[in-house]
2 protein chains.
Amino acid sequence: MPKLSEKDKVARRERVLDGARRCFAKYGYEGATVVRLEQEIGMSRGAIFNWFPSKEELFIALAARDNARLLHLFAEEGLEAILDALLRDDPDWLAVYLEFGRRLRTDEELRERWKTIAPDDARERSRGWIEAAQSEGRMRSDVSAQEIGQFLGVILDGIAVQRALGFDAPSPELLHLLTSDAVAGARDRALVSD
Amino acid sequence: MPKLSEKDKVARRERVLDGARRCFAKYGYEGATVVRLEQEIGMSRGAIFNWFPSKEELFIALAARDNARLLHLFAEEGLEAILDALLRDDPDWLAVYLEFGRRLRTDEELRERWKTIAPDDARERSRGWIEAAQSEGRMRSDVSAQEIGQFLGVILDGIAVQRALGFDAPSPELLHLLTSDAVAGARDRALVSD
């Protein structure tokens, strides 16, 4: 077998991840059998598990990629962009998170790992974005950047679970407006007609 | 069998619901077998399913009771009370909701029923509470009472899913402060030191 260049390696890994994401969304976590993963990815099990030692590791890599993408989006385009991305994401894929949640629930080690699933640079850029917004008065500074991140996490999880269960989440406009106001600095609060 | 008074009937029904809630929390939705329901409730299957025609109906009745309690709490004591109740609720029980979510996801009829699971009076009192707060300037009036309710629903679902998966939700103080500010009328917004 010829040696793969670094670029080819990255492309091959991405191909495995993309196919696995489609497979998980289509069949659920449990339903994504090795045979179905082979079919959807278009590689043999040997080739797939050469990249990821187990189905669990494959899923964690997908979650880490999602998480990093969302954090980068937030750091580059701000709050509305991350809310919109989640409002547009495939509900079938979001539902896989809930299914995987049973593992997180009962496996403390996995849960600890999950908490640190985003790469450090994505996490730091997000915190940096919040801190910059705080120092410019666009976000409130009576709570820490980490606390603002925690609160946004609750809202994002709430949207994800509503969509995963097949309910319509509130409109993007409503979510933008109220979420912005929750975390806004005094000067950026929307004018309220009361 | 002697005829039960109305009061006895209500007490008997509550006893079935309380035992079933413990059983679901302990074993999960799937794991709550008829034998385990009998043991935890302390009644025979005949007696239990005299009140509720199926395990699904039993669970829906429990969810409706929870939902009504939370809405009443909100209408009587306000936002902080409903947030606190969810932050204190048994994570094992919250996890059963996620497990049941798989049914909601694939069964549109069940999902439509789920949307209307709270009794009308509980829903109306909650909307009334928001409308009163809006007319007194304690809640914003640039969005409708229903929209404020939807947004609070996202936050409550986000808290529930974090706790159900075994993660620590943000502190009550943080949730109170930021959620209040999201829905507050201009005059009630917290002062922000920026």
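So, with +1 on the Cβ of K and R and -1 on the Cβ of D and E, and no other charges, what is the size of the charge dipole of the stretch B:1-146 about its Cα centre, to the nearest 20 debye?
Dipole magnitude for the stretch B:1-146 comes out near 500 debye.
Between chains B and A, what is the buried accessible area in Å², counting both sides, with a 1.4 Å probe and ligands, DNA and RNA left out, to the nearest 100?
Values: alone 11640 and 11620 Å², together 19030 Å².
By this definition, chains B and A bury close to 4200 Å².
Kindly express, to the nearest 10 degrees and within the range 0 to 90, the angle between helix B:145-164's C-alpha long axis and the longest C-alpha principal axis of chain B.
Once rounded, one gets 60 degrees.
Determine by what factor the alpha-carbon radius of gyration of the stretch A:81-180 differs from 2.2 N^0.38 Å, reporting the quotient. All intermediate terms of the calculation are to be shown ahead of the outcome.
Numbers: Rg = 15.1 Å, N = 100, 2.2 N^0.38 = 12.7 Å.
Scaled against compact globular proteins, the figure is 1.19.
Report the one residue of A:Gly137, A:Gly153, A:Trp114 whose Cα lies farthest in the direction of the positive end of the charge dipole of the stretch A:102-174 (charges on C-beta: Lys and Arg +1, Asp and Glu -1; origin at the Cα centre).
Checked the options; the winner is A:Trp114.
Measure out, as a whole number of angstrom, how far apart the alpha-carbon centroids of the stretch A:114-177 and the stretch A:69-85 sit.
Between the Cα centre of the stretch A:114-177 and that of the stretch A:69-85, the gap is 9 Å.
Calculate the FRET efficiency for B:Glu57 and A:Val35 from the Cβ-Cβ distance with a Förster distance of 51 Å, rounded to the nearest 0.05.
Working: r = 37 Å, r/R0 = 0.73.
Taking R0 as 51 Å, the efficiency between B:Glu57 and A:Val35 is 0.85.
Report, as a whole number in µm² per second, the diffusion coefficient that Stokes-Einstein gives for chain A at 37 °C and 0.692 mPa s using the Kirkwood radius over alpha carbon pairs. Intermediate values should be presented prior to the final figure.
On the way: Rh = 18.5 Å.
Translational diffusion coefficient: 177 µm²/s.
Send over a whole-number figure in Å² for the accessible area per residue of chain B, probe 1.4 Å.
It amounts to 49 Å² per residue over chain B.
Name the residues of the stretch A:71-120 whose accessible area, probed at 1.4 Å, falls by at least 10 Å² once all protein chains are in place instead of their chain on its own?
Buried by 10 Å² or more upon assembly, which counts only protein chains, are A:Asp92, A:Ala95, A:Leu98, A:Glu99, A:Gly101, A:Arg102, A:Leu104, A:Arg105, A:Arg111, A:Trp114, A:Lys115.
Would you work out if the protein assembly as shown is rounded, prolate or oblate? Take a ≥ b ≥ c from the square roots of the eigenvalues of the alpha-carbon gyration tensor; rounded if a/c is under 1.5, else prolate when a/b is larger than b/c, oblate otherwise.
Details: a/c = 2.33, a/b = 1.11, b/c = 2.09.
In terms of gyration-tensor shape, oblate.
Please give the net charge around A:Ser54, taking every other residue with its beta carbon less than 13 angstrom from that of A:Ser54, where Lys and Arg add +1 and Asp and Glu add -1. Intermediate results must be reported in sequence, preceding the final value.
Values: positive: A:Arg45, A:Lys55, A:Arg103; negative: A:Glu56, A:Glu57.
My count for the surroundings of A:Ser54 gives +1.
Which distances, shortest first and in nm, link B:Ala132 to the matching position in the other copies, using label points set 7 Å out along Cα to C-beta?
Computed spacing set for this position: 4.6 nm.
For a label point 7 angstrom out from the Cα of A:Asp18 toward its Cβ, which stretches of the stretch A:56-70 have the backbone nitrogen within less than 20 Å?
So the set is A:58-70.
What is the percent of Cα-Cα separations in the stretch B:29-93 that go past 19 Å?
45 percent
First compute the accessible area of the stretch B:121-170 with a 1.4 Å probe, then give the percent of it belonging to carbon and sulfur atoms.
Details: 860 of 2000 Å².
Answer for the stretch B:121-170 is 43 percent, counting heavy atoms of protein chains only.
Net charge near B:Glu30, counting Lys/Arg +1 and Asp/Glu -1 over other residues with Cβ under 10 Å of its Cβ?
Working: positive: B:Lys55, B:Arg102; negative: B:Glu99.
Every neighbour counted, the sum reads +1.
To the nearest 10 degrees, how steep is helix A:55-77 against the longest Cα principal axis of chain A, on a 0 to 90 scale?
It is inclined by approximately 30 degrees.
Nearest 10 degrees, 0 to 90: what angle lies between the long axis of helix B:120-135 and the longest principal axis of chain B (Cα atoms)?
Taking Cα atoms only, the helix is inclined about 10 degrees.
Give me the three principal axis extents of the stretch B:56-96 from the C-alpha atoms, as integers in angstrom, largest value leading.
31, 19, 7
Give me a single rounded figure for B:139-152: the average over its residues of other chain Cβ atoms within 10 Å of their Cβ. Mind showing how you got there, number by number?
Working: counts 2, 8, 3, 6, 8, 1, 0, 1, 6, 3, 1, 8, 9, 2.
Average neighbour count from other chains, rounded to a whole number: 4.
Could you grab the Rg to Rh ratio for the stretch A:120-164? Cα atoms only, Kirkwood for Rh.
Working: Rg = 12.0 Å, Rh = 11.3 Å.
Rounded to two decimals, Rg over Rh is 1.06.
What 222 nm value per residue comes from the helices of the protein assembly as shown, counting each DSSP H run with n ≥ 4 as -39,500 (n - 2.57) and dividing by all residues, nearest 500 deg cm²/dmol?
Values: 20 runs with 292 residues, N = 388.
Computed mean residue ellipticity for the protein assembly as shown: -24500 deg cm²/dmol.
Relative to the other copies, what are the label-point distances for A:Gly31, with labels 7 Å from Cα along the C-beta vector, expressed in nm at one decimal and sorted shortest first?
2.4
The values are calculated or read from the model by the stated rules, or taken from the named source; none is laboratory data. This structure is a prediction, so every number in the text was calculated from the model and none was measured. When we count neighbours, we look across all protein chains shown, and the Cβ atoms used for this are built from the backbone with ideal geometry, even at glycine. Heads up: the accessible areas ignore ligands, DNA and RNA and are worked out on the full protein's heavy atoms, side chains in. Shrake-Rupley method; radii C 1.70, N 1.55, O 1.52, S 1.80 Å.
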